[in-house]
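Data block below; observations after.
None of the figures in this text is laboratory data; all of them are computed from the coordinates on show. Remember, it's a predicted structure, so these values are computed and weren't measured experimentally. Counting neighbours? That spans all protein chains shown, and the Cβs are built from the backbone with ideal geometry, glycine included.
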Amino acid sequence: GEQVEQRPPHLSVREGDSAVIICTYTDPNSYYFFWYKQEPGAGLQLLMKVFSSTEINEGQGFTVLLNKKDKQLSLNLTAAHPGDSAVYFCAVSEGGRALIFGTGTTVSVSP
Amino acid sequence: GALVYQYPRRTICKSGTSMRMECQAVGFQATSVAWYRQSPQKTFELIALSTVNSAIKYEQNFTQEKFPISHPNLSFSSMTVLNAYLEDRGLYLCGARGGGDEQYFGPGTRLTVL
């Protein structure tokens with residue numbers, strides 16, 4: 001079945017710097033991709049949903065890139081601020097099935 | 001809009017006892033419901049996927065005998081953690097999907113086992 005590897009497991013950046021998290025998946029039939037943010041003690045907050053037809057997706061303060069050739073999904077936090085400190089998860093779906101989550105990246109943004 | 005509620009939000013049970021948690025979809029028909037567990041400092045593991053008119057499919061490390069699931073209608077699902085032990089503690093998420101492919105997550109039930 002699908003496997004999703006996420007790296008790095010931990011990321012420390014200074015306020016204003018950028019941070020990149022990369023997920024690599026195995027199933028070429030996957031066509032829905034998600035990034036979630038989990039703050040301490042909380043559930044999941046959907047940051048972005050990406051369809052396989054869209055390679056570049058821009059959100060508020062971040063960009064998501066999908067590289068289908070290499071089966072990689074990346075989240076680029078631009079100009080990080082302390083409010084971005086959280087655990088970030090990617091998730092992949094073939095559609096019609098449940099999500100397979102990456103292993104998570106703990107991001108710490110220092111002032 | 002589409003919302004998913006879970007209750008209880010937090011619960012504590014004694015080791016060896018059982019605990020039931022519920023998931024309710026509002027604003028859409030939950031044709032499938034997936035249950036996940038996030039153990040402390042871990043990612044979200046899929047426990048099982050329940051699809052209307054199909055058998056509930058459990059993932060490799062989870063069984064119906066340990067995590068029985070009910071999905072009686074298009075708005076409700078429940079899961080019980082039977083004979084809970086320390087390794088069962090964590091955040092249990094319910095993800096419900098309607099006619100489209102987006103999965104809506106509830107806030108989770110946090111289980112502590114003493």
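A compact table of results
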| quantity | calculated |
| --- | --- |
| Rel. contact order, % - alpha carbon contacts under 8 angstrom, at least six apart, chain B | 39 percent |
| Debye intensity ratio in log₁₀ form over the Cα atoms of chain A, taken at each q of 0.14, 0.23 Å⁻¹ | -0.50, -1.30 |
| Around residue B:80: net Lys/Arg minus Asp/Glu count, Cβ-Cβ under 14 Å | 0 |
| Inter-label distance, nm, simple model (7 Å from Cα along the C-beta direction), residue A:58/residue B:5 | 4.0 nm |
| Net charge dipole size for chain B [Lys, Arg +1 and Asp, Glu -1 on Cβ; Debye, nearest 20] | 360 debye |
| Phi-based couplings in Hz for the stretch B:77-90 (Karplus 6.51, -1.76, 1.60; Gly and Pro marked x) | 8, 9, 9, 10, 9, 8, 6, 5, 10, 3, 6, 8, 5, x |
| Cysteines in chain B that, by Cβ-Cβ distance, have no pairing candidate under 4.7 Å | B:13 |
| Computed label-point distance, nm, for sites residue B:65 and residue B:52 using a 7 Å Cα→Cβ extension | 3.2 nm |
| Lys, Arg +1 and Asp, Glu -1 on Cβ, resulting dipole of chain A about Cα centre, debye, nearest 20 | 120 debye |
| Projected label distance in nm at residue A:108 and residue B:83, using a 7 Å step from Cα toward the beta-carbon | 4.1 nm |
| Zone residues, the stretch A:55-86, relative to residue A:14, backbone N less than 13 Å from point 7 Å out along Cα-to-Cβ | A:80 |
| For the stretch B:57-112, size of Cβ-based charge dipole, Lys and Arg +1, Asp and Glu -1, in debye | 120 debye |
